Amino acid sequence: MEDEDGPEYGKPDFVLLDQLTMEDFMKNLQLRFEKGRIYTYIGEVLVSVNPYQELPLYGPEAIAKYQGRELYERPPHLYAVVNAAYKAMKRRSRDTCVVISGESGAGKTEASKHIMQYIAAVTNPSQRAEVERVKDVLLKSTCVLEAFGNARTNRNHNSSRFGKYMDINFDFKGDPVGGHIHSYLLEKSRVLKQHVGERNFHAFYQLLRGSDDQALQGLHLERNPAVYNFTRQGAGLNMGVHNALDSDEKNHQAVTEAMRVIGFSPEEVESIHRILAAILHLGNIEFVETEEDGPQKGGLAVAEEALVGYVAELTATPRDLVLRTLLARTVASGGRELIEKGHTVAEASYARDACAKAVYQRLFEWVVDRINGIMEPRGRDPRRDGKDTVIGVLDIYGFEVFPVNSFEQFCINYCNEKLQQLFIQLILKQEQEEYEREGIAWQSVEYFNNATIVELVERPHRGILAVLDEACSTAGPITDRIFLQTLDTHHRHHPHYSSRQLCPTDKTMEFGRDFRIKHYAGDVTYSVEGFIDKNRDSLFQDFKRLLYNSTDPTLRAMWPDGQQDITEVTKRPLTAGTLFKNSMVALVENLASKRPLA
Ligand code: ADP
Ligand code: MG
């Protein structure tokens, strides 16, 4: 093999190990890592170890080394895998996907960026303008998505708080002609609150630190993130540690510029900044009970009225309507008559938070949709241009365990179980085909099939998500605790489920609060506090109507469902858990239809 490392670099493919014990596996990985070899194959699977430092592995020279080669011709590299996917796509018009998995901070998102850079570098030799445009959008969209969807966590300073699946469409020449991004479950609770040492989404700090004085004034903002409830926790933290250039100020310019290049209009960018500012002001609104009972307000007032004015101005909605929406909600009484019901302090605070989260989520989804609109393959006629072939890249949140794990971690880890299952199915299928090709009798391989864990979560009627939906649809005061009791009843004999109630001696779980799932990647204890609320994920129709009636066309476009009157809203919307499950099922079906490379 040309240009291959000698034996002192360990085995480039784990398949070459004499015996495959965990110890040998780790030893080989370590040996290679110490020599700067972060990549190792297991057959067609690439294992990557995060070096947490810049290694001279990437860039034009390295790309040239892998371009057009066969997988095993060069030392293991991500580029070799992408090259294989690209060749399969081009030679055989085969849809391919690259699935990147690993725990949070493992280097998945960085890998997805290297994949895009490789594809951009090896395509469009004839410099067609439309292809250049698509490549530019593909590359630049990453920094925009990261601004709105990433945040500093204790595991990763630039952690993706959403899942991403990106399809790149290629024409018969093998040049990218379009793309589409699917995003999955943004961790929007982060808008309100972050763990110690963590931050809100980058976009907020970028806006505060990167805007010039005049822009800030126009948004009624102060530069210091500690002034705002939503950004106070992370105010003393920056986004980058490895790289001093990675400052919020610089990134604000970079993101604004990227949006411009991609094709966002200046008005759209301004709307985005106003929406972010409105969320920050909303977060500082507090409610107080008033002495005298106003005619409609039920004795509730906003502590600092100026903030209501800012929110109204920034969202281009009438001030009195903003105030009314914050203090009360419309309910349809028996005879279809609408009455206004005043909030308590707790209800109003809850509604304010739900609104802040929803506005941010809609903003994020709008940004993704906008990028998709720009990347959509344009004016292509399959009869004339031939069928597009697709390479999909999946960069989804890794398995996650925090000191306290909530609904979000539950969804993330369920997603990882789902992918693990897909992985098992695809790899086994591939191996089996290979055995058959080589005429070897098929030997069954011992492996742990995690199907039972997936079932525990998604099975109809009794699965955790179904039980949770049931709890959410029950009228009356059903609590997270009752939800936990129901889980205990259904799953007391499940080998992967436990709780304090079921294991009274296990002091690592709290009674009436925690349950534990034995995931394929490890045990995770979940606190049920907030599960029902987060799953129900409701926002009063009044807020939706308010925002739909905004005179800012960008904001208005994010709230099509605000068109409905409260009396027209009959169907209970699907819960967050069910929506997530449906999107996971669709994702897995889509991936299963493609040829995998991991
Ligand atoms: P994940 O998406 O798996 O959570 P990231 O891709 O964001 O993790 O990686 C976390 C951090 O690790 C990055 O910000 C970067 O500093 C570092 N890193 C990841 N991959 C590489 C790499 N190939 N070379 C150098 N540093 C890397
Ligand atoms: Mg990531």
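The values are calculated or read from the model by the stated rules, or taken from the named source; none is laboratory data. All figures in this text were calculated on a predicted structure; none of them were measured in a lab. No Cβ is skipped: glycine too gets one built from the backbone with ideal geometry, and neighbour counts run over all protein chains shown. Note: areas computed on protein heavy atoms with side chains; ligands, DNA, RNA excluded. Shrake-Rupley method; radii C 1.70, N 1.55, O 1.52, S 1.80 Å.
Figures for the structure shown
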item: Among the residues listed as F543, F580, F511, the single one being open to solvent by 60 Å² or more (accessible area, probe 1.4 Å) and among the aromatic types (F, W, Y); result: F511
item: Meets criteria (part of a loop (DSSP other than H, G, I, E, B), over 19 Å from V390 (Cα atoms) and more than 13 Å from ligand 2 (Cβ to nearest atom)) for S126; result: yes
item: Residue satisfying condition, being within 27 Å of the chain's Cα centre (by Cα) and open to solvent by 60 Å² or more (accessible area, probe 1.4 Å), within set Q117, Q127; result: Q117
item: Conditions (1) more than 16 Å from ligand 2 (Cβ to nearest atom); (2) in contact with a helix residue (DSSP H, G or I) (Cβ under 9 Å, 6 or more places away or on another chain); number of the one not met by A84; result: (2)
item: Failed condition for S160, given (1) touching a strand residue (DSSP E or B) at 6+ places or on another chain (Cβ under 9 Å); (2) farther than 19 Å from A254 by Cβ; (3) within 16 Å of ligand 1 (Cβ to nearest atom); result: (2)
item: Residue match in region 34-41 (condition: within 28 Å of A592 (Cα to Cα) and either within 16 Å of ligand 2 (Cβ to nearest atom) or open to solvent by 20 Å² or more (accessible area, probe 1.4 Å) (or both)); result: no
item: Hey, D561 under 21 Å from the mean Cα position of the chain (by Cα) and surrounded by fewer than 18 Cβ atoms within 10 Å (Cβ to Cβ) or not; result: no
item: Residues (open to solvent by less than 10 Å² (accessible area, probe 1.4 Å) and part of a loop (DSSP other than H, G, I, E, B)) located in region 355-396; result: I396
item: Some residue of region 166-176 being within 11 Å of ligand 1 (Cβ to nearest atom), acidic (D, E), within 25 Å of I374 (Cα to Cα) and open to solvent by 10 Å² or more (accessible area, probe 1.4 Å); result: no
item: Identity of the residue in region 248-271, hydrophobic (A, V, I, L, M, F, W, C) and in a helix (DSSP H, G or I), that ends up farthest from F148 (Cα to Cα); result: V261
item: Of all residues making up region 62-111, the number that are within 16 Å of ligand 1 (Cβ to nearest atom), within 28 Å of E417 (Cα to Cα), in contact with a strand residue (DSSP E or B) (Cβ under 9 Å, 6 or more places away or on another chain) and in a loop (DSSP other than H, G, I, E, B); result: 8
item: The listed residue being at pLDDT 95 or above and within 16 Å of ligand 1 (Cβ to nearest atom), out of F204, F148; result: F148
